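See below for the structure under consideration.
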Number of protein chains: 2
Amino acid sequence: MAEEAAVRAQAETVRKLKQDKADPDEIAKEVTKLLELKAQLGGDEGKQKFVLKTPKGTRDFGPKEMAIRERAFKAIISCFKRHGAEVIDTPVFELKETLTGKYGEDSKLIYDLKDQGGELLSLRYDLTVPFARYLAMNKITNIKRYHIAKVYRRDNPAMTRGRYREFYQCDFDIAGQFDPMIPDAECLKIVHEILSDLQLGDFVIKVNDRRILDGMFAVCGVPDSKFRTICSSVDKLDKMPWEEVRSEMVGEKGLSPEAADRIGEYVQLHGGLDLIERLLQDPKLSQNKLAKEGLGDMKLLFEYLTLFGITEKISFDLSLARGLDYYTGVIFEAVLLQQDNEHVEESVSVGSVAGGGRYDGLVGMFDPKGRKVPCVGVSIGIERIFSILEQRLEASEEKVRTTETQVLVASAQKKLLEERLKLISELWDAGIKAEMLYKKNPKLLNQLQYCEDTGIPLVAIVGEQELKDGVVKLRIVATREEVNVRRESLVEEIRIRTSQC
Amino acid sequence: MAEEAAVRAQAETVRKLKQDKADPDEIAKEVTKLLELKAQLGGDEGKQKFVLKTPKGTRDFGPKEMAIRERAFKAIISCFKRHGAEVIDTPVFELKETLTGKYGEDSKLIYDLKDQGGELLSLRYDLTVPFARYLAMNKITNIKRYHIAKVYRRDNPAMTRGRYREFYQCDFDIAGQFDPMIPDAECLKIVHEILSDLQLGDFVIKVNDRRILDGMFAVCGVPDSKFRTICSSVDKLDKMPWEEVRSEMVGEKGLSPEAADRIGEYVQLHGGLDLIERLLQDPKLSQNKLAKEGLGDMKLLFEYLTLFGITEKISFDLSLARGLDYYTGVIFEAVLLQQDNEHVEESVSVGSVAGGGRYDGLVGMFDPKGRKVPCVGVSIGIERIFSILEQRLEASEEKVRTTETQVLVASAQKKLLEERLKLISELWDAGIKAEMLYKKNPKLLNQLQYCEDTGIPLVAIVGEQELKDGVVKLRIVATREEVNVRRESLVEEIRIRTSQC
């Protein structure tokens, strides 16, 4: 690759020399060099094909995408701050052993780094395990923090639906020993606030509890050793019909058909407080200690959510399982609902945009003495949200500004580069966002066109007459109005005129 | 690790059951389970030592460090935006071949990912090569953008001096075919603005040009093939005395002692316009085409920097080489100067905090037809800057707030959890940053103490009497003043009282 590029660079040198009609001796010398370089390539120069792409499952964000991304981040961060969260950051990779045994069946999706001598490292798979490692390492037993960063999964990407191998997670977690369900309810409130604020359309937040699931598995006759793997199967119910999930349970995972059918009855249930009350009376479930605990807390959660006024978007759903191993209590997942068309009454789920739950054991897995720190948290699936915002923006044909420039420093005549440099320097030093074209003698029309293209609202035009008069001509791009402003008032005038921008 | 954690979790279950004086049968069952799990561990449970740390050369940023980091980012981003830059982002890893052959001797420091099937990947080493790849891939010939992201180098970390294996770079680059030295001068202006704004103390920006270096090597009798490697040696002059660099050139790199001595004379020179003029008259250098071009442009650069009023911080320095292969024109590096103590007149360099230069060939290395896009850019070495800001903050004992919470929702009596939840929900929905303690019946003193600890300026206290009267008691933490505010005016009152915060 380096050699190939050297050949290309040298070929370009030769081309230029020929074009410039340079000294024939010099050209000959450079041609010789070019031939030598080509020879080094070993003759296969033409065959080597260089692939110009980003790695599979990743993408660049150009200025327009970044403008959209920053809008979404702003809404999310301001919500996290509104709830009093601090912010932390951790390295993009962890010791491999830090991640081992935390993700169940998904562990195969972890990216490892090559062993180049030294520690064995892996890219983080989520922000939750690094958070737990951070708490244990620093002996922190009490924190409310958010963390926005990229995570990595060697999954099969479905990029049009916002599924990537490198993607952002926006996590908010509350760690500490508190009275039951108060932090859990706040996490759901946060999801509700963010999805409402981003105006993504109608949504529902499904809620369940690992203890209810485990109790349900127990009363359905699932052996203890199969709890986690059957839980993984249930987790697929949002993508597969029950019949397929059932056959996975029975066929691949060796569950008895009777147990599977009993599970099948429960996982069809969803509702609100009424369903919780009913299950608290369920002759089998109510006898199971775990399930009873989970249902009791679920009832408390719904009471708090009623005080927050958000129960209409919450659905207690026994089919919600969530794949990750580390959850121990409440789990939840927000999905967007989409009207296929206006005549269809049933709304269709278009995928998860947020999820989370309680994981009271994870920090203890890192603590040398196994000391636990109860945690509950939520992760916003920002990539899906980007996809939706991007599609919407494309449909709307709204013009997105990608810079915040307030004024272009322009000139109407030639030989005014020095004056433009002096003026723009004054503006920068006064905190004004200013640009100029990087040309000695740009045409006024090109300068005005640049403003039109990029949405710059003002042009500060220096000309010989204006210099003599000690003024600058300020042009308002939208109205084409032009006013002479005294040089010493220019900064103030620009500030006033762009204060609404 | 997973097994070990399971043992710990199970041991905890047993401990709890015993503590709760649970059913002896149940305890016995759980103890059996614990023994089984221990057996699975194969007896070496006690010996397995889990290392609780971040990977070598990396660190976590806690809330306090993040507050400092965000302050520095804010200054840098607002400068980049002031100069009209757009923002982009690229993946943290690239195809391995994208990075190959771009970094010269430093390529050995690149982190590779493990081959897990599929593409061969490496972590980015800087933001410049991904930027060039992005331009070529998207056929962009004209852009001014910034990019703030982490990069990775398997270097020997010196963490106390802000040298890490994972670190942020803050890059600003201008790509496009423009009139000479106008974008180059803007890059230097940006460095000057940022370092002044961050008040890091006195600094100097060293400037040189690769063409001047190459011309100098030519007239000193360095063979063409040794230009890059001798350039790497010169680059070490900021860390090593000339004698050591000379012996590397002669001993390791096979340069003739005469050539080395000639180089030694040039690389001691530094100054301003006067030095440029002198070298333009230098009988040897002035005969070299490259050197003459470089010196001509350097003169132009100094003219523009004079218009920007920043030449007093700029030093044309022939010893500046910069390690990376891809530079083709102007190069520069900003170093902080530190007075060792007040009686010592000579100031000592404490290391580079920004650097950059022109790289006109890099994009062409990615373009299938070798089409060039001239570029110039600057990278702010934010980690060193963090180190300095952190040390300074520690010395000053200034208290840094790590949240923006405006008000704590508190209660004076018991059984008011529901009222607190209702009130805080109203405040959140109105955009007020509010917290409450996650306890059913917290003591007022603890609630007030929390505000003292975290810097929350206001407390909204609900009590039975206040509820009857339709008011909330608002306490100003700093003055201990308390006022009753009608519930419907509370949001407005909080906004007014925290508008200066």
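The values are calculated or read from the model by the stated rules, or taken from the named source; none is laboratory data. What you see is a predicted model, and the numbers here were worked out from it, not measured in a lab. Glycine gets a Cβ as well: all are built from the backbone with ideal geometry, and neighbour counts include every protein chain shown. These area figures cover heavy atoms from the full protein model, side chains too; ligands, DNA and RNA do not enter into them. Shrake-Rupley method; radii C 1.70, N 1.55, O 1.52, S 1.80 Å.
In nm, to one decimal, how far is the modelled label at A:D20 from the one at B:S352, with both set 7 Å along Cα→Cβ?
According to this spin-label approximation, the distance is 2.9 nm.
Taking Cα atoms, how many degrees apart are the long axis of helix B:63-82 and the longest axis of chain B, rounded to 10 and kept between 0 and 90?
50
Taking the C-alpha atoms of segment B:111-169, how large are the radius of gyration and the largest Cα-Cα span, Dmax, in Å?
14.5, 42
Can you give me the long-range amide H partners of A:Q406? Hydrogens built in the peptide plane at 1.01 Å from N, cutoff under 5 Å, separation of 5 or more residues or another chain.
Under 5 Å from the amide H of A:Q406: A:K433, A:A434.
Defining a contact as two alpha carbons under 8 Å apart and six or more residues distant in sequence, what relative contact order in percent does segment A:63-396 show? Spell out each step's value before the answer.
Numbers: 579 pairs, mean separation 76.6, N = 334.
Computed over segment A:63-396, the figure is 23 percent.
Kindly give the distances from B:E312 to its copy-mates, label point to label point, with each label point 7 Å from Cα along Cα→Cβ, as nm values to one decimal ordered shortest first.
The answer, with the shortest distance listed first, is 6.6 nm.
What shape does segment B:407-499 take by its C-alpha gyration tensor, where a ≥ b ≥ c are the square roots of the eigenvalues and a/c under 1.5 counts as rounded, a/b above b/c as prolate, and the rest as oblate?
On the way: a/c = 1.30, a/b = 1.05, b/c = 1.24.
It comes out rounded by the Cα gyration axes.
Could you please state how large a percent of the accessible area of chain A is carbon and sulfur, counting protein chains only and using a 1.4 Å probe?
Numbers: 10880 of 22270 Å².
With neighbouring chains kept in place, the figure for chain A is 49 percent.
With θ set to phi - 60°, apply the Karplus curve 6.51 cos²θ - 1.76 cosθ + 1.60 along segment A:391-401 and write out the HN-Hα couplings as whole Hz, x wherever there is a Gly or Pro.
4, 5, 5, 4, 5, 7, 6, 5, 8, 9, 6
For the protein assembly as shown, would you read off the P(r) tail past 38 Å as a percentage of all alpha carbon pairs? List each step's numbers first, then the result.
Values: 277268 of 501501 pairs.
Counting every Cα pair in the protein assembly as shown, those more than 38 Å apart make up 55 percent.
Would you mind checking which residues have amide H under 5 Å from A:V87's amide H? H placed 1.01 Å from N; only 5 or more apart, or other chain.
For A:V87, the qualifying residues are A:Y146.
Sort largest first and round to whole Å: the equivalent ellipsoid semi-axes of chain B, each the square root of five times a Cα gyration tensor eigenvalue.
Working: eigenvalues 632, 221, 94 Å².
So the equivalent ellipsoid measures 56, 33, 22 Å along its semi-axes.
Given H placed on each backbone N at 1.01 Å, which residues far from A:L113 in sequence or on other chains put an amide H within less than 5 Å of it?
For A:L113, the qualifying residues are A:L121, A:S122, A:L123, B:K114.
Using θ = phi - 60° and the Karplus relation 6.51 cos²θ - 1.76 cosθ + 1.60, list the HN-Hα couplings for segment A:144-154 in order, rounded to whole Hz, with x at every Gly or Pro.
Using θ = phi - 60°, the values come out as 10, 9, 10, 8, 10, 6, 7, 10, 9, 9, 7 Hz.
How about segment A:387-422: which of its residues lose at least 10 Å² of accessible area in the presence of all protein chains relative to their chain isolated, using a 1.4 Å probe?
Going by heavy-atom accessible area, the residues of segment A:387-422 that drop by at least 10 Å² are A:T402, A:T403, A:E404, A:T405, A:L417, A:E418, A:L421, A:K422.
Shape verdict for segment B:285-339, please, from the Cα gyration tensor: rounded (a/c under 1.5), prolate (a/b greater than b/c) or oblate. Mind showing how you got there, number by number?
On the way: a/c = 2.11, a/b = 1.25, b/c = 1.69.
Oblate is the answer for segment B:285-339, as a/c is 1.5 or above yet b/c matches or exceeds a/b.
Just the accessible area per residue of segment A:372-435, please: how many Å² with a 1.4 Å probe?
On the way: 2650 Å² over 64 residues.
Per residue, segment A:372-435 has 41 Å² of solvent-accessible surface.
Accessible area drop of at least 30 Å² (1.4 Å probe, protein heavy atoms): which residues of segment B:55-70 qualify, relative to the chain alone?
B:P55, B:D60, B:F61, B:P63, B:M66, B:E70
Which value, in Å², gives the accessible area per residue of segment B:98-177 when a 1.4 Å probe is used on the protein heavy atoms? Mind dumping the intermediate values first?
Values: 2820 Å² over 80 residues.
On a per-residue basis, 35 Å².
Name the residues of segment B:428-453, by number, that are at least 20 Å² less accessible with every protein chain in place than in the isolated chain; the surface is that of heavy atoms, probe 1.4 Å, without ligands or nucleic acids.
At a threshold of 20 Å² (probe 1.4 Å), the residues of segment B:428-453 that become less exposed are B:W428, B:D429, B:K433, B:E435, B:Y438, B:K439, B:K440.
At 7 angstrom along the Cα-to-beta-carbon line, where would the label on B:V483 sit relative to the other copies? Give the distances in nm, shortest first.
3.8
Residue by residue through segment B:177-182, what is 3J(HN,Hα) from phi via Karplus (6.51 cos²θ - 1.76 cosθ + 1.60, θ = phi - 60°)? Round to whole Hz and write x for glycine and proline.
Per-residue couplings from phi come out as 8, 10, 6, x, 6, 6 Hz.
Using a probe radius of 1.4 Å on protein heavy atoms only, what is the accessible area buried between chains A and B, both sides summed, to the nearest 100 Å²? Each step should come with its number before you reach the end.
Working: alone 26950 and 26960 Å², together 44560 Å².
Answer for the A-B pair: about 9400 Å² buried.
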